[in-house]
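**Student:** This is the structure I want to talk about, given as structure tokens.
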Amino acid sequence: MRWQGRTESENVEDRRGTTSRRVIGGGIGTLVILLLVWLLGGDPMQFLQENPGVSTSTPVSTEERSAEENQLASFVKVVLKDTEDVWGKLFQNAGSQYRMPTLVLYTDQVQSACGYGSAATGPFYCPGDEKVYIDLAFCAELQNQYDAPGDFAIAYVIAHEVGHHVQNLLGITDQIASMQGRVSQEEYNQYSIRLELQADFFAGVWAHHAQKMNNILEPGDLDEAINAASAVGDDRIMRRTQGYVVPDAFTHGTSDQRQRWFKKGWDTGDPNQGDTFAARTL
């Protein structure tokens with residue numbers, strides 16, 4: 001991806017170098033409660049896990065950033081700026097205004113309005129605070145564990161999470177969330193899959209317009225994104241982690257489906273062509 005020397009987004013919150021810890025009521029009271037749990041034969045660590053309470057961020061000494069990490073941080077900021085430009089224009093063309101999300105960079109674990117997240121969960125979007133969260137260590141994980149190398153694979157992941165932000169602004173996220181508890185888990189999983197595939201579609205729409213606006217693609221970039229979409233398919237992840245596939249447990253879609261919807265977004269560039277909820281086949 002052609003990104004070096006280009007404008008970076010300013011909508012970035014850098015929480016690297018801080019650690020989040022959970023406390024119950026805070027201070028001495030917490031210690032007293034944990035001591036009582038231990039004296040009564042309980043497990044203090046289990047108690048903390050079951051009673052997350054509130055979270056605070058404790059600053060730690062600023063760690064030395066490697067040149068590679070600094071470059072990666074700059075890269076994701078450029079990608080975010082591209083999403084702001086594209087979706088700002090598309091919303092304007094539709095007679096609306098795009099409210100830009102914030103990208104949060106963190107290390108290991110983080111507190112969001114949607115709860116406590118960690119690097120193990122991967123990048124995620126929280127509609128409660130309209131922020132995209134990413135631990136940059138995931139970028140190496142994407143290449144090494146998911147076999148999805150290349151900078152445009154990372155760009156696809158960020159664009160997918162921003163796609164969730166677009167869904168949130170359009171009211172789609174709330175509509176799907178309202179279904180939880182009203183339908184069976186299997187049915188809700190199907191809604192979840194369509195939500196995720198639409199975010200893949202929106203990532204493709206972004207790539208389409210970013211290329212037109214800024215000529216961002218280098219040879220092989222599109223293949224990197226399509227490969228990344230395949231790498232995070234439910235079926236492929238299940239085979240890699242547990243050796244077999246449970247279709248009823250899918251929540252994001254198969255590798256083929258994720259590739260297909262990203263490619264459709266890229267081919268059409270039309271946000272109106274991505275109604276995955278009305279699609280008869282995915």
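No value in this document is a laboratory result; all are computed from the given coordinates. Keep in mind that this is a model prediction, so the values were computed, not measured. For neighbour counting, all protein chains shown are included, and Cβ atoms are generated from backbone atoms with ideal geometry for every residue, glycine included.
**Student:** Quick check on the stretch 64-98: of everything there that is acidic (Asp, Glu) and surrounded by fewer than 14 Cβ atoms within 10 Å (Cβ to Cβ), which residue is nearest to GLY163 (Cα to Cα)?
**Tutor:** Taking the stretch 64-98 and keeping what is acidic (Asp, Glu), we get 64, 68-69, 82, 84-85.
Keeping just the survivors that are surrounded by fewer than 14 Cβ atoms within 10 Å (Cβ to Cβ) gives 64, 68.
Values: GLU64: 32, GLU68: 27 Å.
Among those that are acidic (Asp, Glu) and surrounded by fewer than 14 Cβ atoms within 10 Å (Cβ to Cβ), it is GLU68.
**Student:** What is the number of the single condition among (1) among the aliphatic types (A, V, I, L, M); (2) under 19 Å from the mean Cα position of the chain (by Cα); (3) in a loop (DSSP other than H, G, I, E, B) that ILE237 does not meet?
**Tutor:** It fails just one condition, (3).
**Student:** Then there's this: Which one of these does ALA73 not meet: (1) closer than 19 Å to VAL157 by Cβ; (2) in a loop (DSSP other than H, G, I, E, B)?
**Tutor:** Every listed condition holds for ALA73 apart from (2).
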